[in-house]
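The values are calculated or read from the model by the stated rules, or taken from the named source; none is laboratory data. Since this is a predicted model, take the numbers as computed values, not measurements. Cβ coordinates were reconstructed from backbone atoms using ideal geometry, including for glycine residues, and neighbour counts include every protein chain displayed.
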Amino acid sequence: MEMRLRQTCSMDEFDVVVVGAGAAGLAAALTLARALRSVVVLDGGDTRNAAADHSHGVLGQDGVSPAELSHQARSEVEHFGGTILRDEVTGAALHGDGNFTVTTASGRGVKCRQILVAGGVRDEIPAVPGVHELWGDHVVICPYCDGWEARGSSIAILGTGPKSIFQAHLLRQWSDRVTLFSNNVVPPSAEDSARLASRSINVIDGGVDAIRSRDGGVVVIVGESTYEHDIVFTAPRPIPDNRVLMALGANLIQNAAGIFPVIDDHGATTVTGLWAAGNAVNPSLKYSTALGAGMDTATHINETLVEADIDNSVRQPGSGIAT
């Protein structure tokens with residue numbers, strides 16, 4: 001039965017194209033494949049968490065590497081009949097019949113009835129020497145992902161903007177040794193300074209010249225001064241890939257995190273048949289919440305396709321229903 005279903009669709013025609021192979025995209029693909037929909041995931045490259053050795057806070061999978069989680073997810077998608085292709089999406093077009101064509105870097109053209117954009121974001125990390133080399137190890141983003149491991153340790157916050165002040169307060173939940181480095185981009189107001197001081201959060205002014213590893217920890221260098229810590233948290237700027245959304249004319253909105261698509265409660269954009277989920281919509285989603293978002297949006301995509309199937313059936317000659 002499964003093999004016959006796969007053979008009814010050629011490799012360049014699918015019910016759904018999923019753009020992106022992160023948690024949301026793979027969860028959506030699995031849900032759609034299990035609903036007997038023909039689905040292809042177009043994987044444009046590395047995921048946001050590729051530099052991390054372990055994933056935390058993933059129920060039942062705590063400590064498993066992102067690479068292993070991805071491998072398991074891909075295997076499950078393919079087991080249920082989904083297709084995963086390593087190819088970057090370069091464009092998309094909407095046709096008069098309501099269907100789409102997606103084009104890729106390899107020259108492939110893929111026809112589909114619905115598109116889900118789940119390509120996540122790219123983190124624009126601070127341009128401080130040493131950050132790139134230590135990224136995902138001694139320089140991290142998420143307190144809920146790495147706070148437990150950093151509990152009780154000496155924590156530095158590398159300032160990137162106003163969000164860094166709250167990040168310092170948030171990390172104070174895990175340790176009473178938190179230092180905020182303003183890095184010349186986070187000048188605390190008088191009120192901010194009072195609130196930080198009330199919780200014994202140190203503030204170091206001046207630009208950070210470099211961050212270096214030392215004896216299992218890090219050294220933050222500011223001018224002639226050095227400060228030893230166990231780990232650095234920072235808040236990079238998330239850059240979403242909106243190319244498909246823009247090509248198809250979806251409405252975008254500027255918020256505090258960046259420019260993201262306007263969606264309804266189910267993930268539908270302002271273009272019929274075009275959906276978005278995961279970090280492509282909300283960069284603060286964690287692995288688990290991105291999984292849930294992908295699955296939830298996929299159920300609504302499938303239900304939309306069911307409605308279209310009903311309409312097509314009604315229009316067929318001999319249906320017995322006047323149109």
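Figures for the structure shown
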{"quantity": "Subset of the range 274-306 that is assigned to a helix (DSSP H, G or I) and touching an Asp or Glu at 6+ places or on another chain (Cβ under 8 Å) - its residue that is surrounded by the most Cβ atoms within 10 Å (Cβ to Cβ)", "calculated": "A280"}
{"quantity": "Which listed residue is touching a helix residue (DSSP H, G or I) at 6+ places or on another chain (Cβ under 9 Å) and on the phi < 0 side of the Ramachandran plot, from R243, R212", "calculated": "R212"}
{"quantity": "Any chance C142 is over 20 Å from P283 (Cα atoms) and buried (at least 16 other Cβ atoms within 10 Å of the Cβ)", "calculated": "no"}
{"quantity": "Number of the exception - P261 against (1) modelled with pLDDT under 95; (2) farther than 24 Å from G130 by Cα; (3) not polar (S, T, N, Q)", "calculated": "(1)"}
{"quantity": "Residue list for the range 76-101, filter: in contact (Cβ under 8 Å) with a residue 40 or more places away in the chain, assigned to a loop (DSSP other than H, G, I, E, B) and out of contact with any Lys or Arg (no Cβ under 7 Å at 6 or more places or on another chain)", "calculated": "G82, E88, G98"}
{"quantity": "Spans of strands (runs of 3 or more DSSP E) in the range 173-273 with at least 2 residues within 30 Å of A92 (Cβ to Cβ) and hydrophobic (A, V, I, L, M, F, W, C)", "calculated": "252-255, 258-261"}
{"quantity": "Every residue from the range 126-152 that is part of a loop (DSSP other than H, G, I, E, B) and either under 21 Å from V186 (Cα atoms) or touching a His at 6+ places or on another chain (Cβ under 8 Å) (or both)", "calculated": "P126, A127, V128, P129, G130, I141, C142"}
{"quantity": "Filtered residues of the range 89-138 (kept if polar (S, T, N, Q) and over 14 Å from T272 (Cβ atoms))", "calculated": "T90, T101, T103, T104, S106"}
{"quantity": "Answer residue from the range 277-319, given it is hydroxyl-bearing (S, T, Y) and free of Cβ contacts under 8 Å to residues at least 60 places away in the same chain and is farthest from N255 (Cα to Cα) among those", "calculated": "S319"}
{"quantity": "Total residues in the range 221-240, condition in contact with a strand residue (DSSP E or B) (Cβ under 9 Å, 6 or more places away or on another chain) and either free of Cβ contacts under 8 Å to residues at least 40 places away in the same chain or on the phi > 0 side of the Ramachandran plot (or both)", "calculated": "3"}
{"quantity": "Scope the range 68-98; condition surrounded by 15 or more Cβ atoms within 10 Å (Cβ to Cβ) and more than 21 Å from the chain's Cα centre (by Cα); matching residues", "calculated": "E78, F80, G81, L94"}
